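Inspection log for the structure reproduced underneath, given as structure tokens.
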Amino acid sequence: MDGNLTQINGPLVRAELTEACIGEQVRIGKLNLMGEVIGREGNIALIQVYEDTESLILGEKVEALGHPLSVELGPGLLGQIFDGVQRPLLDLVQISGDYIPRGVNIPALNHDKKWLFEASQNLEMDSIVSGGMSLGTVKETELVTHQILIPPNCSGTLIWLAESGSYTLNDPVARIKNEQDTEELLYLSHRWPVRTPRPFNRRADAIAPLITGQRIFDTFFPLLKGGKAAIPGPFGAGKTMIQQQIARWSDADIVIYVGCGERGNELVDVLESFPQLIDPRSKRSLMERTILVANTSNMPVVAREASIYVGVTMAEYYRDQGLDVVMVADSTSRWAEALREVAGRLGQMPVEEGYPAYLASRLAAFYERSGRVHILGHEKNNSDPSGKDPARNDQGSVTLIGAVSPPGGDFSEPVTGHTKEIVQTFWALSKELADARHYPSVSWTESFSEYVSVTADWWLENVHPDWLQLRTEALSLLSQAQELMRIVNLVGPEALSSEQRWVLEAADLIKEGVLQQSALDEVDSYASPEKQFLLLQMMLIIYHQGESLITLGMSVQALKELPLLITAKRCKSTYSSEQTENLKQFIIQIKSDFQKYRLEYTQEFL
Ligand SMILES: Nc1ncnc2c1ncn2[C@@H]1O[C@H](COP(=O)(O)OP(=O)(O)O)[C@@H](O)[C@H]1O
Ligand SMILES: [Mg+2]
């Protein structure tokens, strides 16, 4: 279906296209620009264009492609860097140099490469197969075995399955006969429309924390595998750094990083730093289990709108293989700005600060694509009566983490406000902490996690039964300290009792020895759950021991001068997660030192 361009308004154009439906992809003009129909007015289609519309002229041809924006899903995704509409960036650069011309159309995945396909042993010929079942596997990278899935909306009788062997994405690997008795060929890859969530069997309860190795998150404001989190923070507070730390250290199988371009040079940073990161578990390149989506600077703001959906669809695809996927989006504010720009040009009524009324529902619908699920195609399996496919998990998860960059760091603006209502984990970054070089600058008063009680069960089983108690006590000390500081600022330190001054010292121990964690320090960058627990336990033991010495008459000044306080604060970067035995030894040492002081003080009294 072709039509003609009737109006050009920046990234929004109108064309006479009588039959194109909303969501349909179009190609525009001689330059063949990519766009999408986002509205209709009679015979006129409203189109958002993903590429710069400069030099388009009225009357140019617009072609409707008959399908919505979709992505190609199959082996070869991992390690790739895609632009916002899933074009492989490095191939684009190779074809056309640093400045990427418009209208370039290249496939997302390499169709010449041969993959070693291992046909499934669980499928019987002439049996009924359905979406989500695995036809076999391909070892996509050293780290990831890729399940070749029957597309979700496809079912029928399996009449042919290729033997194990080498195949390209163009070679069929199975044939099924569907209910209409027509035959359909299946390949190593399939396409899926990005704005339609991929179906699953049913939701499962999220029960396991996503371990990020970052103490302020795992110990204080935990996130679950399958959960949703937001990182709001002003410019320079450390959002990108935190997302990179999560990408690098979290115990997910797959990481998808969507760079919704803050500024061009930040993107360059990510593109340069990621390929150099080493996966801590396998010591191989992190890119072997990572996909980057990056909007190029010559794509207009509306292209960012698509990139989030491109990312989350790939995340769901790996979830459907029974894997745990983390997707980080940096930042959702830039995405919301794309909505605002389009709404403005459409002349829609702005509701809050220029954002359209559907901002909240769009944000909610995006975060709704997170979750832990029972995957499709696992419930019916022919060869195993238990219905389990032994080659893969019956559950997978997508964890979504979105950065939010409110202008001026004002959390009352609409994107932060709505996001806060939607997510269950909220990691609020504070300008004061960042200015004081307290990193990660996560505020312990403004952040929250609704997952604490679920996580407590995990810690109880896997690390220590006291986790919840220590966490609660530490947060209480921090808030007491904050209250006391207010008094100090009003009437001076003399107003405080010895016990109160010791609370201030204890809060400093927790802040410096536990909460502050340098991403740039090799030892401190990651802390295992056990190390996190021991550090927190250490600080609270020091607090309680000191408290009892104060009742015996020891001065706070004398306590503050104990060398073990400094040693304790440094433990985080002295002992790695493999050296928790040393931490335990040090805790024993602390207890015996305090025992000594206690004896001295009781003797002084005698
Ligand atoms: N965990 C951290 N450890 C050490 N330095 C950090 C940490 N987080 C942030 N920083 C410092 O703050 C700077 C800005 O962080 P960045 O993530 O780029 O902020 P944002 O994305 O919020 O604008 C970083 O370049 C780094 O110097
Ligand atoms: Mg940033």
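Here, each number is a calculation from the coordinates, and none is a lab measurement. Just so we're clear, the structure is a prediction, and the values are computed from it rather than from any experiment. All Cβ positions, even for glycine, are placed from backbone atoms using ideal geometry, and neighbour counts span all protein chains on display.
Quick notes on this structure:
- Take each peptide in 133-141, 559-567, count the other Cβ atoms within 10 Å of every residue, and average; sorted highest first, the result is 133-141, 559-567.
- With the simple spin-label model, which puts each label point 7 Å out from Cα in the Cβ direction, the Ile487 to Cys21 separation comes to 6.8 nm.
- Legend: Rg and Dmax of the range 467-605, from Cα coordinates, 15.6, 48 Å.
- Remark: spin-label model distance Leu552-Glu522 equals 4.1 nm, labels positioned 7 Å along the Cα→Cβ axis.
- Only Cα sites of the range 491-537 enter the Debye sum here, all with the same form factor; the resulting log10 I(q)/I(0) across q = 0.16, 0.18, 0.25 1/Å is -0.56, -0.64, -0.90, listed in q order.
- Between helix 563-574 and the chain: long-axis angle, C-alpha atoms, 0 to 90°, nearest 10: 20 degrees
- Percent RCO, i.e. relative contact order, over the range 339-474, from Cα pairs under 8 Å lying at least 6 residues apart: 15 percent
- For the pair Gln595 and Met349, label points projected 7 Å from Cα toward Cβ lie 7.4 nm apart.
- Using alpha carbons only, the radius of gyration of the chain set against its Kirkwood radius gives Rg/Rh = 1.04.
- Isotropically averaged projected area of the range 328-370, using the convex hull of Cα atoms (one quarter of hull area), nm²: 3.0 nm²
- Length-normalised contact order for the range 111-193 - Cα pairs under 8 Å, 6+ apart - percent: 29 percent
- Those lysines that a straight Cα-Cα span of less than 16 Å connects to Lys596, excepting residues fewer than 8 apart in one chain: none
- In a fully extended conformation the segment linking Lys560 and Ile278 would gain 97.5 nm over its present Cα-Cα distance, using 0.36 nm per residue.
- Gyration tensor (alpha-carbon) shape descriptor, the range 104-204, a/c threshold 1.5: rounded
- Charge sum, other residues only, whose C-beta stays under 14 Å from Ile278's C-beta, Lys/Arg counted +1 and Asp/Glu -1: +1
- Packing here is the average count of other Cβ atoms within 10 Å per residue, and on that basis the peptides 510-516, 114-120, highest first, run 510-516, 114-120.
- Ascending count of other beta-carbon atoms within 10 Å, so fewest first, for Trp467, Trp427, Trp192: Trp192, Trp467, Trp427
- Computed log10 I(q)/I(0) for the range 2-69 at 0.11, 0.16, 0.27 Å⁻¹: -0.18, -0.39, -1.24, from the Debye equation with unit scatterers placed on every C-alpha and solvent omitted.
- The mean sequence distance of close C-alpha pairs (under 8 Å, at least 6 residues apart), as a share of the length of the chain, puts its relative contact order at 13 percent.
- Think of it as helices only: each DSSP H run of n ≥ 4 in the chain is worth -39500 (n - 2.57), and spread over all residues that comes to -10500 deg cm²/dmol at 222 nm.
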